[in-house]
Amino acid sequence: MGFLARFVVVLLFVMSAWSIGVMIDRALAFGAARGQSRQFAPAVAGALREGKLDEAIKIADRFPKSHLAKVVVAGLQEFRAHQMSNDISGDEIAASTRALERAEAIVHAELKRGISGLATIGSTGPFVGLFGTVVGIINAFKGISSEKSTGLGAVAGGISEALVTTAVGLFVALPAVWAYNYFSGRVEAFDVEMGNSSSELIDYFLKRTAKASAGK
């Protein structure tokens, strides 16, 4: 293989190694988020039923990799801050809602870290391979020109470069596209879970505020 063809293959293998690293990282992160959230949800629900906000926040701190814990603790801390000042009203509920929304946006960005790169590799990998294909075809024609012959021996090297770079480009791109679609689906599912948890937490705040007002 010529210099350009080798450069293309090396570049494709670097892209492949990076995408594999992202796949492993996201798989571990999503697995930890799912596992810790399954433990966190029932534990924090029990604390909230008993009205123990401080205990609920401590529970959330024990699950640092849970996407639900990261969102819920932001709302709980905001609500507790206003509750300690005995200043709970519609504006304070709105402030807690905004805190939850900010936390959701931050966690969403954390979950998507590196995934857009998979899309880039999946879409550009075949074109990088195609560049190597063009280089191989050019070398094939150079072989014809130098050998003054159109026989197989004159074009074999160039055609081999073209086929190898094309195959490597597809080999890199296909797993990246599959992984991107899979992880994007997981992120969407996490977003739904965070949205539902935020909505349930706001309902809890409203009920707690209503009870406090009735008690007065």
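Please give the length that would be gained between Ala109 and Ala43 if that part of the chain were fully extended, namely 0.36 nm times their separation in residues minus their C-alpha to C-alpha distance (nm, one decimal).
Numbers: separation 66, 0.36 × 66 = 23.76 nm, distance 2.58 nm.
Contour length minus the Cα-Cα distance gives 21.2 nm.
How much solvent-accessible surface does Arg98 expose, in Å² to the nearest 10, with a 1.4 Å probe and all protein chains in place?
120
Under unit Cβ charges (Lys, Arg +1; Asp, Glu -1), what dipole magnitude, rounded to 20 debye, does the stretch 165-214 have relative to its Cα centre?
On the way: 4 positive and 5 negative charges, 43 e Å.
Magnitude of the dipole: close to 200 debye.
Calculate the dipole size of the stretch 20-123 relative to its Cα centre from +1 charges on Lys and Arg beta carbons and -1 charges on Asp and Glu beta carbons; express the result in debye to the nearest 20.
Using only the charged Cβ atoms, the result is roughly 520 debye.
Considering only protein heavy atoms, with the full assembly of protein chains and a 1.4 angstrom probe, order Trp18, Trp178 by accessible area, largest first. Spell out each step's value before the answer.
Working: Trp18 125, Trp178 165 Å².
Largest to smallest exposure gives the sequence Trp178, Trp18.
What is the percent carbon and sulfur in the accessible area of the stretch 29-136, measuring with a 1.4 Å probe over the protein chains and ignoring ligands?
Carbon and sulfur: 56 percent of the exposed surface of the stretch 29-136.
Enter the accessible area of Lys52 (Å², nearest 10), with the probe set to 1.4 Å and all protein chains included.
About 100 Å², rounded to the nearest 10.
Could you tell me the accessible area of Glu200 in Å² (1.4 Å probe, neighbours in place), rounded to the nearest ten?
Spelled out: Glu200, probe radius 1.4 Å, area about 120 Å².
How would Ser116, Ser197 rank on accessible area, largest to smallest, probe 1.4 Å?
If we order Ser116, Ser197 from most to least accessible, we get Ser116, Ser197.
The values are calculated or read from the model by the stated rules, or taken from the named source; none is laboratory data. If you're wondering where the values come from, they're calculated on a predicted model, not measured in any experiment. Positions of Cβ are generated from backbone atoms using ideal geometry, with glycine treated the same way; all protein chains shown enter the neighbour counts. The accessibility values were calculated without ligands, DNA or RNA, using every heavy atom of the protein model including side chains. Shrake-Rupley method; radii C 1.70, N 1.55, O 1.52, S 1.80 Å.
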